[in-house]
Amino acid sequence: MTRWGQQTLVADRPAGLAVRGLADLVTLRLPDSAEVDVRPAAGEDLIGVVDLHERCSARSRNRRYHGGSARPAPARLRRLLVPARGVTLLATPTVSHAPTAPVVAMANLLGEGDLAEVALLVRDDWQRRGLGSALLRRLVWQAEQGGYAALGLHIQAENTPMLRAVRRLERPSVVDRDGSLLTLTVPLTATVSPVGAGQP
């Protein structure tokens, strides 16, 4: 067992009504005062998610998928957008001058039994701004409300930003190592919500 440090970087606040299942539309305020809207993904988001992957570096894609830096096929991305069990959240800038707000991050919660597997992809120019930590806290809330007992995360040992995001959850976790890949299991309770989430 490893107990992570105690830090809180970001808070989120409700910005709308539930869109699909337990996934609410929210606005996250980052430490640098930037705001992103976070909403559940849908099938029609495929173009935006493909663009997200194209704008991410090979390193970022490799950290997310652990199988090389190639862009996943559209068919695989389509399955990730609307998983059979779980939810995929997309983050877009709240203030965007583009006709359609670009997707700057994708957060996946994929359920299997009592475990919810979590993975994040944040566009390179949005990294180190607290967005990953905010999305991870949001997924913790989703998983707890969905009745999962624990989160599972597969993280490369050199991926210190993601490891820091897990530490900021302020929860004990079990860590197993297989070469350069760490598997973290984070127990969940139904009483913990993201800071300032204001959930019912």
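The values are calculated or read from the model by the stated rules, or taken from the named source; none is laboratory data. Computed from a prediction, not measured in an experiment: that's the story for all the values here. Here Cβ is always computed from backbone atoms with ideal geometry, including for glycine, and neighbour counts include all displayed protein chains.
Computed values, structure above
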quantity	calculated
Qualifying positions in region 46-85 - in contact with a helix residue (DSSP H, G or I) (Cβ under 6 Å, 6 or more places away or on another chain), outside any helix (DSSP H, G or I) and among the charged types (D, E, K, R)	Arg71
Tally, over region 131-172, of residues that are polar (S, T, N, Q), surrounded by 20 or more Cβ atoms within 10 Å (Cβ to Cβ) and out of contact with any helix residue (DSSP H, G or I) (no Cβ under 6 Å at 6 or more places or on another chain)	1
Residue tally, condition surrounded by 12 or more Cβ atoms within 10 Å (Cβ to Cβ) and either modelled with pLDDT under 90 or not aliphatic (A, V, I, L, M) (or both), over region 73-108	14
Filter pass, Asp32 being touching a residue at least 40 places away in the same chain (Cβ under 8 Å), loosely packed, with under 14 Cβ neighbours inside 10 Å and not polar (S, T, N, Q)	yes
Given (1) closer than 14 Å to Arg64 by Cα; (2) touching a Phe, Trp or Tyr at 6+ places or on another chain (Cβ under 9 Å); (3) free of Cβ contacts under 8 Å to residues at least 60 places away in the same chain, number of the condition Asp114 does not satisfy	(1)
Single residue of Gly86, Gly43, Gly111 found to be more than 20 Å from Gly152 (Cα to Cα) and of a type outside the set (Val, Ile, Thr)	Gly43
Listing of strands (runs of 3 or more DSSP E) fully contained in region 86-145 that carry 3 or more residues being more than 23 Å from Leu181 (Cβ to Cβ)	86-93
Checklist (1) touching a Ser or Thr at 6+ places or on another chain (Cβ under 7 Å); (2) over 30 Å from Val174 (Cα atoms); (3) modelled with pLDDT under 75 applied to Arg20, failing item	(1)
Criterion (in contact with a Ser or Thr (Cβ under 8 Å, 6 or more places away or on another chain), under 27 Å from Glu44 (Cα atoms) and not polar (S, T, N, Q)) met by exactly one of Val118, Val95, Val104	Val104
Complete set of residues in region 166-185 that are at negative phi and in contact (Cβ under 8 Å) with a residue 40 or more places away in the chain	Val166, Arg167, Arg168, Leu169, Arg171, Pro172, Ser173, Val174, Val175, Leu181, Thr185
Looking only at region 173-192, and only at residues there that are part of a strand (DSSP E or B) and among the β-branched types (Val, Ile, Thr), the one that is surrounded by the most Cβ atoms within 10 Å (Cβ to Cβ)	Val186
